[in-house]
1. What nm distance separates the two modelled labels at residue 393 and residue 355, each placed 7 Å from Cα along Cα→Cβ?
2. Per the Kirkwood formula on distinct C-alpha pairs, the Rh of the range 23-187 is how many angstrom?
3. Which whole-angstrom value gives the distance between the alpha carbon centres of the range 159-185 and the range 303-332?
4. Report the charge-dipole magnitude of the chain in Debye, nearest 20, computed about the Cα centre from +1 at each Lys and Arg Cβ and -1 at each Asp and Glu Cβ.
5. Tally Lys/Arg at +1 and Asp/Glu at -1 over every other residue whose Cβ is under 14 Å from the Cβ of residue 153; what's the total?
6. Efficiency by 1/(1 + (r/R0)^6): what FRET value for residue 424 and residue 464, r their Cβ-Cβ distance, R0 = 30 Å, to the nearest 0.05?
7. Ignoring everything except DSSP H segments at least 4 long, calculate the 222 nm mean residue ellipticity for the chain; use -39,500 (n - 2.57) per segment, divide by total residues, nearest 500.
8. Going by the alpha-carbon gyration tensor, a ≥ b ≥ c the square roots of its eigenvalues, is the chain rounded (a/c under 1.5) or, if a/c is not under 1.5, prolate (a/b greater than b/c) versus oblate?
Amino acid sequence: MKKFILSAICTCAAILVSAQEPVLYGYAPEQMAETAQVAQGQGGNGFLGGLVCFDPALDPAWKRLEGHQVKGVRCYIRADYKQARQDRSFIMHTVGSVDATPTKKICDFLEGWNEIYFDEPLTIGSEPIYLGMQVYEQRGTSHPFVSYGSASVPGACWINLNKEGWTNYTDRGTLLIQAILDDEAADKIDNMVYAQVATTPQTVAPSKTFDCEVYFNNHTDQAINSVELQTLGQGDEKPYITEVTFDTPLAAHEGRNIPMEIYAGSETGVKQWIQLTVSKIDGKATQEALPGMSYHYVTVDAFQRTPLVEEFTSQYCQTCPFMIYYLDKAMHEYEGELVYVTHHTGFAPDYFTKSGEDVLTYLFGQQTSFNPAVMYDRRVFAGEISPVNGAQVAETTPYTDAFNAVAPMLAMAEVNIEFTYNTDEATITPTISGLINSELVAAGTQTYLSAYLVEDNIPLSDEYFQAGLVEEEGAPEDLIESFRHNGIKRHVFTEHIGSPLSLVEGNKYSVSFDPITIKPEWVTDNLRMVAFVHLIDQEDMTKNEVLNAAQKWLTANGAVQGIQTNADAKFFINADRTITTPANVTSYRLYNTQGQYIPAGSRLQPGVYIVSYKTTAGTTGTQKLLVR
């Protein structure tokens, strides 16, 4: 198997080549878009090592290579590291253990792909081999290593910061490190495709299909049109077989994510495995490859998720209006239900900042807090180190992509909001109740509740000012005109960080709060109750997930606040009490008179409903519906 050396990752990639094209083996693709790269490092001065483990006990392909030789390392570096004079940069290998004494080859690295050969080749045996490199990372050229974020192959991302010890990061993707093999090894690895569920973590129901993306890595020299994919879930006795046909052929050595359905295993639990293998390529049997393992929360009592979107902002933040303009636009265009809240902390306190709410900046981890920043269900996406994401792109797509990433996840909690709104005394008395997933409870996981009264659509004033509202080049024309303060926490019912939940029989909870008085300056039609159940772990940012969220408007008018009323569409109620959507309507949302969102396609109970919609002409409107 002779491979061409590809430098598609970076146009300025430098390659140190041997006399002939090498035989290469690794788990990351040789080609990838820059958006798929995840930079690895510490961001400052210090030693940085990276290794990939090739274990014959786990990888059948590496087992077949026993007796062949590893001649060197092919690796990708984001900047030049010419440190050979100080013995600070080298390729290396260890055998048997990641902590064994390494064999090194001192070298300089150039930006891009590098191929460096050991002075003496290493013979592949029955023990695992750790193969990689080290540099002295510099602040001016930080995060030198690159991993492919969509392939989290176990053992394919070992990192050592400042010589403090090796850590196996299975959630950071797969380092761009490949073994350079002897020429005779080619036929042992020339008929394989690696497959793995890429969109993790996932929460799924047992013995049912779920939507995800599968990463396919073509190890062959030929383009592939189709594969036979075998899925074996934990608890299943035989695999589920799917024929996968690629829209465009999977090129030689290409790695690609394919949206598809995967069948979950029958066994339930917090960390259940799903194993993918490719058994045929274009109808012909393949060589056995490393099984692609992913781990999932498989449960029978999960709930429909309403994603929580949280923004860190400040009235003094100059860049917030420009960037959050696109977040607001994305939320308005999103067809599903979202719960939105702002935290006025992390940069500079202002009029809306609540005393003690700066405790939430722990979610930034070791990063410096900043505005604007956004969280989506406090989920840490692949390749990230904290749930906090920078809001720094002047387009809606990144926000919509994040909504779509978290929305399909089954929720591990049910959240119901009820309240008594006394209009005569202007008080609200809320109760939050629901269920917690039984397996989560059985694992002894503590859950927390956060609950707020939130106001939207607050116009600018002397008190409610906002920095950064300027008519500069590139700013949206309606930036100043359309700006409102949204998601403002008027009252916090729980601890800022969240209050621990106590459960009763059946994993149920119910929390009632003392009444609060609605202040005269608050607009009742703009007020809504927000509640969400979540986890808290200040040491591990991946364990702060929001299990589910809910909201309920104070008045029915609040559910359609800010939507212009017109009469250019007509909805009808069918005999089975579902809605017929007019041909000129592209999307709609339905609410009951208490402001609760009703999912599309629901069979409606008798009563009055309000539908807000968007037409093909781009107009929006509302309509009241009477269901008898």
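1. Simple spin-label model gives 4.1 nm for this pair.
2. Mean inverse Cα-Cα distance, inverted, gives 15.7 Å.
3. Centre-to-centre distance over Cα atoms comes out at 37 Å.
4. With Lys and Arg at +1 and Asp and Glu at -1, about 640 debye.
5. With Lys, Arg at +1 and Asp, Glu at -1, the net is -2.
6. 0.60
7. That comes out to -1500 deg cm²/dmol.
8. It is prolate, given that a/c is not under 1.5 and a/b is the larger ratio.
Coordinate-derived values only; no laboratory data. Note that the structure is a prediction, hence the values are computed from the model and not measured. Positions of Cβ are generated from backbone atoms using ideal geometry, with glycine treated the same way; all protein chains shown enter the neighbour counts.
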